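Right, one structure below, let's go through it.
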Amino acid sequence: MSLDAVQLHLIDSIDSAFEFKRWLGERHNGYQLVDGVELLGLDSETTGLDTRNDRLRLVQIGDADTGWAIPWERWGGVAEEALTQWGGGWVLHNATFDESFFAREGINLRRDRLVDTRPMAHVLDPTYSTALKNLAAKHVDPRAKALQDDLDDAINSRGGWTWATVPITFQKYWSYGALDPVITMRLLQQLAPKMDADGSWKAYELENTVQWVIRAMSHRGAHVDREYARQKSIAFSRYCVDVEQWVREHYDLGAGSDVAIIEYLKSEGYEFTKRTKSGARYALDSEVLEAIDHPLAKAVLSRRQLLKVTSTYLSHIVEEADADDLMHPDINPLGARTSRMSMSKPNLQNLPRVSENKPHATVVRNCYTTRYGEDGVMVFSDFDQIEMRGLAHMSGDEGMLQAFVSEGDFFVNLARQVFRDDTIIKKDPRRQITKNVGYGKIYGAGIAKLALTAGISHEQAAAAMHAFDASFPGVRAFQNRVQRIALERKTSEGVGYVRSPLTHRRHPSDSGKEYALVNYLVQGLAAEMFKMKILELDAAGLGDFMVLPVHDEIIMDVPKDNLRDVIGTLQKVMNDDQLLSIPVTAGLAVGSRWGEKQDYDDAMVA
DNA sequence: GTCGCTTGCCAC
DNA sequence: AAACGTGGCAAGCGAC
């Protein structure tokens, strides 16, 4: 499909504004939803990517043949009238982005009439880029990417133009802008029949709905104790500098120069065997360093830990929290191929977890607090063993299902079956081994990897794996079934894939790694259930409190006056015995700081 | 100076 | 027969 015959217009006069209005009332080469609602393409250009602070510059509207660019400052009235008066719906690519800017201008589009090609594309192929230019190149016209790159070059090369300063009348700027709703419309025309054929609308609906709740979380922000972060950051940085100086003085080495440090330690008689992933050199990771009894190794290791904490987790807070001490991470509702979300700038899904002998982890998490001071509390609710439940559900294995239905700790129940010993209790090492095997199943680990992660011998690992398979034959059968189906489809349809039981979402395999599909199914099922629960929590009135999604845990910032209600709603929504063939349950915790969270029941007693 | 790659490391 | 999955990010370093 070529973009040759497209007509692009800039509204820069009364006449052109009237022309646009006339066009809006005519028949379009657009797209009709099943209910007869007609869609037009919609896009915007802004001063930048910050949906809370950047401004609208251009509004673009079009169908499959015609695109209009409407300068917001001069002709905003024309755009506003079209956006509010148009009786149909709109198709956008990454709808929450543009909608943020419209909403800030007081223009509220009907959410139920917004169609988004980005989640559509992800659902159809979760391994491909969801950038409009790449999708356009693949589905619409290969030249679309070149045009976009051409514009990027033009803006960057012209004496310091930016997206905020490039003149609206610069032809490439407005015309490529006007082209985008056209491309989006054509993308929809290509993808919609595929959605029908693939049965992908249910997965799409989930994504298209949840993205609004996710964006609201980002905008709401996570509150930080900036001064606390600053103090800790200074102290940790000072420590790192001290260590660097000490290493320089005593060894004439850079504390971060791994290659030089390896050379020195070798000259001191220490042996290295572990190699890096590429095999290019010896590894000097934490495992290696911990095994070396030398003051230099200890210094390098401790500096690394503190540097990581300071540069990755504390510096962002000090430098990027807004005037209200709120952090607003970018949350990508479709960050991973499995439909898990990802987060960046900063990624609050990977803050160090609190445990013994990790005081710095507590420091990092304690930077995150309630915004309501004494009158508020952070509330946490996370699914219990959600991936294991997904595996039990999808495999239908009787023993695994039973372990969830029976009283007591799930992994104890599991271990008792694996080792045929009903005396096993929580602290029995066999519980941990069973847990490792279980998660190994989910990740697709082999015996060697299991031995490594569980810290047991190859023989023990093989025996444990064998015992697990014997106790839960349904799991092994499920693994085999998934691979067989994928390979059959690879032969008959050209691509190997399996589908999520809840939404019929497609999980394609990388050729030769069909075993990983079990992981995609398990991880994807958990992600879908989490998204469904986020929608339910929002519908139940908790939308004002949700702050962060962390894979299987929702984090909220709640005024104490609302605590009882919030807890009640969480218990009602997060515990669900309808979703799977076994109940889905969730824990509850509270704390005035993230690092101080404790079980809700314990907190109530205290 | 910036860019891309490798290495290492944080989470679920 | 054998195969641990999904992410984001910073430092170091060589290349341009």
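Please report the orientation-averaged projected area of chain A, defined via the convex hull of its C-alpha atoms, in nm². Mind dumping the intermediate values first?
On the way: hull surface 130.5 nm².
The directionally averaged projection comes out at 32.6 nm².
Which value does Rg/Rh take for the stretch A:461-549 over its C-alpha atoms, Rh per Kirkwood? Intermediate results must be reported in sequence, preceding the final value.
Details: Rg = 17.3 Å, Rh = 15.3 Å.
Result for the stretch A:461-549 is an Rg/Rh of 1.13.
Nearest-5 percent of antiparallel DSSP beta bridges in chain A? The partial results should precede the final answer.
Details: 43 of 53 bridges.
Taking every DSSP beta bridge within chain A, about 80 percent pair in antiparallel fashion.
Given Cβ point charges of +1 (Lys, Arg) and -1 (Asp, Glu) and nothing else, what value in debye, to the nearest 20, does the dipole of the stretch A:69-199 about its Cα centre take? List each step's numbers first, then the result.
Details: 14 positive and 17 negative charges, 27 e Å.
Using only the charged Cβ atoms, the result is roughly 120 debye.
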Point-charge dipole on Cβ atoms (K/R +1, D/E -1) for the stretch A:187-317, about Cα centre, debye to 20:
360
With each run of n ≥ 4 DSSP H residues scored as -39500 (n - 2.57), what mean residue ellipticity at 222 nm is computed for chain A after dividing by its residue count and rounding to the nearest 500 deg cm²/dmol?
-16000 deg cm²/dmol
Just to compare against my own numbers: the Cα pair-distance distribution for the stretch A:33-108, 10 Å bins, whole % per bin, please.
19, 55, 23, 3
If a/c stays under 1.5 just call it rounded; otherwise compare a/b with b/c (prolate if a/b is bigger, oblate if not). Do that for the stretch A:335-406, with a ≥ b ≥ c from the square roots of the Cα gyration tensor eigenvalues.
prolate
Net charge (Lys, Arg +1; Asp, Glu -1) of residues whose beta-carbon lies under 11 Å from that of residue A:425, residue A:425 excluded, is +1
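Which whole-number percent gives the relative contact order of chain A, counting Cα pairs below 8 Å spaced six or more residues apart? Could the numbers behind the result be given before it?
Numbers: 929 pairs, mean separation 81.9, N = 606.
Contact order relative to length: 14 percent.
Could you put A:596, A:356 in order, starting from the residue whose Cβ has the fewest other Cβ atoms within 10 Å? Present the calculation step by step, with values, prior to reporting the outcome.
Working: A:596 16, A:356 5.
With the fewest neighbours first, A:596, A:356 line up as A:356, A:596.
Note down the magnitude of the dipole of chain A about its Cα centre, charges +1 on Lys and Arg C-beta and -1 on Asp and Glu C-beta and zero elsewhere, to the nearest 20 debye. Kindly include the intermediate steps, with their values, before the conclusion.
Values: 70 positive and 86 negative charges, 291 e Å.
I would put it at about 1400 debye.
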Compare the Cα positions of A:229, A:272, A:209 along the charge dipole of the stretch A:190-332 (+1 at Cβ of Lys, Arg; -1 at Cβ of Asp, Glu; about the Cα centre) and return the one farthest towards the positive end.
A:272
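Express in nm, to one decimal, how much length is gained between residue A:358 and residue A:47 on full extension, taking 0.36 nm for each residue of separation and deducting their alpha carbon distance.
Details: separation 311, 0.36 × 311 = 111.96 nm, distance 4.23 nm.
The residue A:358-residue A:47 span can extend by a further 107.7 nm.
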Taking the Cβ of residue A:24 as the center, what net charge do the other residues with Cβ under 12 Å away carry, scoring Lys and Arg +1 and Asp and Glu -1?
-2
Once whole DSSP H runs in chain A are found, which of them have Cα atoms spread over 15 Å or more along the helix axis and a mean Kyte-Doolittle score of at least -0.5?
A:14-25, A:171-198, A:295-308, A:458-471, A:517-537, A:563-574
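Once you order the gyration tensor axes a ≥ b ≥ c over the Cα atoms, which shape class does the stretch A:248-398 get: rounded for a/c under 1.5, otherwise prolate or oblate by comparing a/b with b/c? Don't jump to the answer; show the numbers that get you there.
Details: a/c = 2.38, a/b = 1.45, b/c = 1.63.
Here the stretch A:248-398 falls in the oblate category.
Would you mind classifying the stretch A:206-327 by shape? Square roots of the alpha carbon gyration tensor eigenvalues, ordered a ≥ b ≥ c; an a/c under 1.5 is rounded, otherwise it is prolate if a/b is larger than b/c and oblate if not. Write out the running numbers ahead of the final one.
On the way: a/c = 4.22, a/b = 1.84, b/c = 2.30.
In terms of gyration-tensor shape, oblate.
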Pick out, from A:547, A:500, A:606, the residue whose Cα sits farthest towards the positive end of the charge dipole of the stretch A:462-606, with +1 on the Cβ of Lys and Arg and -1 on the Cβ of Asp and Glu.
A:500
Computed on alpha carbon atoms, what radius of gyration and Dmax characterise the stretch A:454-606, expressed in Å?
20.3, 62
When the charge dipole of chain A is computed with +1 at the Cβ of Lys and Arg and -1 at the Cβ of Asp and Glu, the Cα pointing farthest to the positive end, of A:122, A:30, A:472, is that of A:472
Would any residue of the stretch A:220-254 have its amide N under 17 Å from a label point 7 Å out along Cα→Cβ of residue A:345? List them or say none.
A:220-222
Between the stretch A:486-560 and the stretch A:364-405, what is the C-alpha centre distance in whole Å?
15
Starting from the Cα of residue A:513, draw a straight line to each of the lysines and keep only those under 26 Å, dropping any in the same chain fewer than 8 residues away.
A:138, A:194, A:274, A:277, A:435, A:441, A:449, A:490
Which value results when the Cα radius of gyration for the stretch A:515-588 is divided by 2.2 N^0.38 Å?
1.20
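Would you mind putting A:148-155, A:208-215 in packing order, based on average other-beta-carbon counts within 10 Å, highest first?
Values: A:148-155: 15.1, A:208-215: 20.6.
Peptide ranking by packing, descending: A:208-215, A:148-155.
FYI, it's all coordinate maths here, none of it is from the lab. In this text, all values refer to a predicted model and were calculated from it rather than measured experimentally. We place every Cβ from the backbone using ideal geometry, glycine too, and count neighbours over all the protein chains shown.
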